[in-house]
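In what follows, a single structure is set out as structure tokens and then discussed.
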Amino acid sequence: MRKLSDVLKQQYGKRIRRLCLSSGCTCPNRDGTCGNGGCTFCSEGGSGEFASPAVDVDTQIRLAKQLLKIPEDSKGFIAYYQSFTNTYGDIDRLSALYQETIRRDDILILDLATRPDCLGEDVMNMIRKLNRIKPVWIELGLQTVHERTARRINRGYPLPVFEESFRKLKEAGLPVIVHMIFGLPGESRTDMLESIRWLAERKPDGVKITMLQILKGTSLAEEYASHPFPLLSMEEYADLVAEAFAILPKDTVIHRMTGDPPRSLLIAPEWTLHKKRVMNAITHRISSSH
Ligand code: SF4
């Protein structure tokens, strides 16, 4: 298992941090293009609670640095466009925004979170061009390989769409980071590990794993209130993550092993707020299985 922080430190000789930025995009699973209401777990913020509102790049980067309490002139960051679908919208506007971002001398890497159904040829051309300037990472939310769960969480695309986009991105030589969620309603331990095995066969460059978080204002919160379903305990989650790391290829980089829920929005599970404790439980589980 390779942790992102270690990989970046080795590559750049120092700690590299992410600046969370907003592209001002919406999501086709929210605006009716492929669905309404979005994925059931997705909050108002579009699954990214820490970016500033869509203002110009300079201001956003200055505010993001202030948030991290680092000097304004510091360099060496990942520009992370996290919330909503960052390849969905007017291609000329997006192209100009990302060109401006990637050409800054304080940015090392451009990191775009998106959906596999928003990677048409115009978008792929834009990404290829950007990738000639500096590295571009693409993050795709898969969450599960099981269609019945995908329908239940209203993911809004079937698995072959992911497969096709993943293949296209790999052919273009772009690193792909895949998001997975453990504890989705109706999924057993076997289901979750099946998803990881499926993904492992495709050799993703990176993975982000999180526990399902029930956030206020989401349709998942309504579902949970009317038909409560079991949530994983911290120990069960740690055990699953340790097992997932044993299944994933050795050179897949672990970008995240637990989430960072906004305290004010979290309904359950409460333990996800204690990131350090969760990380310790995972580390303990990994070392005791060796
Ligand atoms: S694709 Fe992302 S932004 Fe869109 S509804 Fe799902 S989680 Fe939210």
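Filter the stretch 71-92 down to the residues that are more than 16 Å from the ligand (Cβ to nearest atom) and in contact (Cβ under 8 Å) with a residue 40 or more places away in the chain, then identify the one that is surrounded by the fewest Cβ atoms within 10 Å (Cβ to Cβ). Walk me through it before giving the result.
Start the filter on the stretch 71-92 by keeping residues that are more than 16 Å from the ligand (Cβ to nearest atom), which leaves 71-79, 90-92.
Next, only the ones that are in contact (Cβ under 8 Å) with a residue 40 or more places away in the chain stay: 76-79.
Working: Gly76: 16, Phe77: 22, Ile78: 19, Ala79: 25.
Applying the filter and picking the extreme gives Gly76.
If you take just the strands (runs of 3 or more DSSP E) that sit entirely in the stretch 28-147, which of them hold at least 3 residues that are out of contact with any Cys (no Cβ under 9 Å at 6 or more places or on another chain), closer than 28 Å to Glu187 by Cβ and not aromatic (Phe, Trp, Tyr)? Spell out how you get there, then give the answer.
Values: elements: 77-81, 107-114, 136-143.
Filter on the stretch 28-147 gives 107-114, 136-143.
Which of the residues spanning the stretch 54-70 are away from the ligand (no atom under 16 Å from the Cβ) and either open to solvent by 70 Å² or more (accessible area, probe 1.4 Å) or modelled with pLDDT under 85 (or both)?
Val55, Asp56, Asp58, Arg62, Gln66, Leu67, Lys69
Only residues that are more than 17 Å from Ser43 (Cα to Cα) and of a type in the set (Gly, Ala, Ser): list them for the stretch 9-22, please.
Result: Gly13, single match.
Could you please give the count of residues in the stretch 120-144 that are more than 16 Å from the ligand (Cβ to nearest atom) and open to solvent by less than 20 Å² (accessible area, probe 1.4 Å)?
Final tally of qualifying residues: 5.
The values are calculated or read from the model by the stated rules, or taken from the named source; none is laboratory data. Here the structure is a predicted model, which means the values were calculated and not measured. Cβ: placed from backbone, ideal geometry, glycine included. Neighbour counts: every protein chain shown. Areas reflect the complete protein model, heavy atoms only, side chains present, ligands, DNA and RNA absent. Shrake-Rupley method; radii C 1.70, N 1.55, O 1.52, S 1.80 Å.
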